[in-house]
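Below: the structure, in structure tokens.
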Amino acid sequence: MTVVFYSTNASRFDGERVQSYTFPRRAAAWDAFCARHPHDRFVVATQLPASFLADRDGNALVPGSADAVRFVLLKSDTPAALAQEIAALSPDLAVAATFWIPPFDWLPLQDAMVADELRARGIAAVCHPCTVALDCYDKWRTHLLLRAHGIPVADALHLDWQQFWCERSTPALTSNVYKTYLLRQLERMPYPVVIKDTTALSSYGMEVATTFRQAVHYLCSGRTRSDRIIETYLSGEQFGTEIYGRNGTYTVLDPFLFSLNRYGITSPKQSVKIGPVTGGRYDVAALRAMLTRLACDLRLDGVAQVDVAFSGGRWFVIEINPRLSGMSETYAASLGVPLYELLYRAARAEPVDTRAQKLVCNLKLPLLDDAQHEVLASVGSVRYIHQVHNTVARQEREKGYCEVVFGGTDTVAALLDELDSLAARFPRLIGPQSVQTVRALAEKLR
């Protein structure tokens, strides 16, 4: 059987300016995966930056060494043309391996349209429905979708920016009734509240307002130029998980616990992830049951990442990302398999085997040079390293990040021993604050 793993992009990307480093190399992961499936042939059909799927040298894909996998750089920019390129590869099965890239997290919708075009050509495709991709792209639509399916969510308001400022373009108005209503409801909300873009990459640029006055100031400032969703802050712990599967057969992986920044929210480029969390004070079985039901209701098809919170003894869903995520390689490292094995099992509607899953930690580090990468990769406890470096970015927060996944232990104590060993060897990379953060999270796993 010939299987094509595909992903597309809708933003300009300059691989000469954005450098990346991954350990183990994607080619090595493909070698390991192909060895598991000697009777199948695989094609990687992707657009830059080819996240998750291929090693990259500037704007070119680096071919792997396995004879059973071929790498193709897709050139088109419409779903129909992209599907035609993929169809020319003669796949028996096409599997979406969707990634994300700024400024809009809408690539799940594009890959879903490509899947529809492939199916119209008689090619089996594994990708979430367009309706799901659209509902998850717009976070207000996500909120309404979750409520409609009986999933606990934070109380929320939606701000339609055009209506909020409609008096600017309508001189006949004596008052803005919509704004009056929205501010009236906003004043009645319990504080703090979390304010975020309904689209874009909502994890970036979130605002936490602790008072009504602060919320109004932010919403009326120049920083708000599009629709917003305003949610009651969920106190407690925040987690992430991933769902793999299709056609009623789903595996909801045990969640990972996230660290929070000083505003009480997760920061994608700083958050520590540790897990899996299997029980203790958290009712993980209830979370799995809730998300399995949701996956069946939505007819998820492939992989989806879900952010959740455990607050007041209950699980709440924050958002759904119907694609691969910053957790995907962490889960693969925890399970001891190539990421492509998880995607392939989902495509074949086979449960993910979690019996050999180990404890790992995903820790963010400063940007490293090549020599530091080499030394860090030689440490036995290090399972995965990934760095993205925008060499022309001016602001420090836009230059990139480096994440390292370490561990593979059976106990929290052993994982913390590996943390201490890494911190002793790399004190300039893993400082006391990082060690303290990991230790505080680890205590919640006991």
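The values are calculated or read from the model by the stated rules, or taken from the named source; none is laboratory data. Please read all numbers here as calculations on a predicted model, not as lab measurements. When we count neighbours, we look across all protein chains shown, and the Cβ atoms used for this are built from the backbone with ideal geometry, even at glycine. The accessibility values were calculated without ligands, DNA or RNA, using every heavy atom of the protein model including side chains. Shrake-Rupley method; radii C 1.70, N 1.55, O 1.52, S 1.80 Å.
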Among residues of segment 116-131 being under 15 Å from Leu82 (Cα atoms) and of a type in the set (A, V, I, L, M, F, W, C), the residue surrounded by the fewest Cβ atoms within 10 Å (Cβ to Cβ) is Ala120
Log entry, pairs with first residue in segment 1-23 being over 24 Å from Ala88 (Cα atoms), second being among the hydrophobic types (A, V, I, L, M, F, W, C) and part of a strand (DSSP E or B), beta carbons closer than 6 Å, six or more apart or on different chains, reads Ser20/Val388; Phe23/Ile385
Residue set Trp106, Trp100; condition in contact with a strand residue (DSSP E or B) (Cβ under 9 Å, 6 or more places away or on another chain), closer than 20 Å to Pro49 by Cβ, open to solvent by 40 Å² or more (accessible area, probe 1.4 Å) and touching a residue at least 40 places away in the same chain (Cβ under 8 Å); output residue Trp100
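Go through Phe52, Phe13 for me and flag whichever is crowded, with 18+ Cβ neighbours inside 10 Å, in a loop (DSSP other than H, G, I, E, B) and in contact with a Leu (Cβ under 6 Å, 6 or more places away or on another chain).
Sole residue among the options that is crowded, with 18+ Cβ neighbours inside 10 Å, in a loop (DSSP other than H, G, I, E, B) and in contact with a Leu (Cβ under 6 Å, 6 or more places away or on another chain): Phe52.
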Within segment 147-196, the residues that are part of a loop (DSSP other than H, G, I, E, B) and exposed (fewer than 12 other Cβ atoms within 10 Å of the Cβ) are Gly150, Ser169, Thr170, Pro171, Ala172, Leu173, Thr174, Ser175, Pro190
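Restricting attention to segment 360-374, which residues are of a type in the set (A, V, I, L, M), over 26 Å from Val412 (Cβ atoms) and touching a residue at least 40 places away in the same chain (Cβ under 8 Å)? Can you show your working first?
Let us first name the residues in segment 360-374 that are of a type in the set (A, V, I, L, M), namely 360, 363, 365, 367-368, 371.
Of the ones still in play, those that are also over 26 Å from Val412 (Cβ atoms) are 367-368, 371.
Within segment 360-374, Leu368 is the sole residue that qualifies.
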Counting only residues in segment 378-426 that are assigned to a strand (DSSP E or B) and small (Gly, Ala, Ser), the one least open to solvent (accessible area, probe 1.4 Å) is identified as Gly407
Exception for Gln372 within (1) out of contact with any helix residue (DSSP H, G or I) (no Cβ under 9 Å at 6 or more places or on another chain); (2) surrounded by fewer than 18 Cβ atoms within 10 Å (Cβ to Cβ) falls at (2)
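Could you pull out every one of the strands (runs of 3 or more DSSP E) wholly within segment 197-254 that has 3 or more residues that are closer than 30 Å to Ala125 by Cα?
The strands (runs of 3 or more DSSP E) meeting that bar are 237-246, 249-252.
Go through segment 352-368 and count every residue that is of a type in the set (Lys, Arg) and closer than 19 Å to Glu341 by Cα.
2
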The condition of being touching a strand residue (DSSP E or B) at 6+ places or on another chain (Cβ under 9 Å) and within 26 Å of Thr391 (Cα to Cα) holds, among Thr22, Thr2, only for Thr22
Residue hits (segment 380-409; touching a Leu at 6+ places or on another chain (Cβ under 7 Å) and of a type in the set (Val, Ile, Thr)) are Val382, Ile385, Val404, Thr409
Within segment 283-323, residues of a type outside the set (D, E, K, R) and either in contact with a Cys (Cβ under 6 Å, 6 or more places away or on another chain) or more than 20 Å from Leu257 (Cβ to Cβ) (or both) come out as Thr292, Leu294, Ala295, Cys296, Leu298, Leu300, Gly302, Val303, Ile320, Pro322
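Okay, residues lined up against (1) in contact with a Ser or Thr (Cβ under 6 Å, 6 or more places away or on another chain); (2) more than 24 Å from Phe52 (Cα to Cα); (3) among the charged types (D, E, K, R):
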| residue | (1), (2), (3) |
| --- | --- |
| Ala285 | no, yes, no |
| Ala289 | no, yes, no |
| Thr292 | no, yes, no |
| Cys296 | no, yes, no |
| Gly326 | no, no, no |
| Arg345 | no, no, yes |
| Val352 | yes, no, no |
Taking Phe239 as the residue in question, decide whether it is touching a residue at least 24 places away in the same chain (Cβ under 8 Å), on the phi < 0 side of the Ramachandran plot and open to solvent by 30 Å² or more (accessible area, probe 1.4 Å).
no
